[in-house]
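The values are calculated or read from the model by the stated rules, or taken from the named source; none is laboratory data. Since this is a predicted model, take the numbers as computed values, not measurements. A quick note on method: Cβ atoms are made from the backbone with ideal geometry, for glycine too, and the neighbour counts reach across all protein chains shown. Calculation scope for accessible area: heavy atoms of the full protein, side chains included, ligands and nucleic acids excluded. Shrake-Rupley method; radii C 1.70, N 1.55, O 1.52, S 1.80 Å.
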Amino acid sequence: MIALLARDLRLATRAGGGFGLGVAFFLILSALVPFGIGPDRAALAPVAPGILWIGALLACLLSLDRIFALDHEDGSLDLLATAPLPLEGAVAVKALAHWITTGLPLILAAPIFGVLLQLPPAAMPWLVLSLLLGTPSLSMLGAFGAAITVGLRRGGLLLSLLVLPLYIPTLIFGAEVTRRGAEGMAVQTPLVFLAGITLAVAALIPFAAAAALRINLR
């Protein structure tokens with residue numbers, strides 16, 4: 001599993017869909033929003049939690065089609081399906097590699113982008129915590145969508161249509177944690193729901209994605 005993780009990290013960075021792409025998109029979005037809404041703190045601060053979470057969601061979406069596409073093209077996916085490592089474990093490792101190369105850089109950069117959007121300082125820890133709890137579910141759900149569309153020509157649009165509705169609960173509770181943190185309200189309820197979604201996704205999605213891969217490889 002460690003060797004597979006290291007391989008996927010190398011492939012992600014070499015293929016151009018790794019650490020820089022999602023952060024660059026997140027930066028562009030955070031820089032453009034003040035031009036559209038205006039630089040007034042009173043206008044930006046209320047929408048900043050939602051904008052930051054939408055930016056993180058779309059940035060994660062950019063590289064989802066690469067999770068299994070490269071392995072399918074070179075035949076490695078067939079080898080993974082017959083390897084001693086269960087296919088469910090391979091799916092989990094690939095989702096982890098996607099999170100490390102996409103979600104983790106976004107979490108580290110989020111406070112800087114929060115400053116651009118006039119997010120109150122009190123909300124910064126909650127923004128980071130919500131992204132830390134929520135972005136793993138984005139990668140795992142993306143792996144499920146990628147497993148369904150693997151091998152399809154121009155499957156990127158279909159992948160987006162499949163995955164975006166599944167992202168909505170994570171988006172709602174993640175943004176709510178940040179919004180409540182900014183207003184000094186209790187964040188326990190949305191935080192628990194956000195963590196529960198991630199745990200449920202981590203427990204169920206590897207099996208669903210592995211089943212989809214087996215069907216596509218027949």
Taking segment 75-116, which residues are in contact with a Phe, Trp or Tyr (Cβ under 8 Å, 6 or more places away or on another chain) and either aromatic (F, W, Y) or outside any helix (DSSP H, G or I) (or both)? F113
Checked against (1) touching a Leu at 6+ places or on another chain (Cβ under 7 Å); (2) modelled with pLDDT of 80 or more; (3) of a type outside the set (D, E), P46 satisfies every condition except (1)
Can you run down the residue pairs with Cβ atoms below 9 Å, 6 or more apart or on separate chains, where the first is in segment 167-193 and among the acidic types (D, E) and the partner is open to solvent by 70 Å² or more (accessible area, probe 1.4 Å)? E176/T189; E176/F193
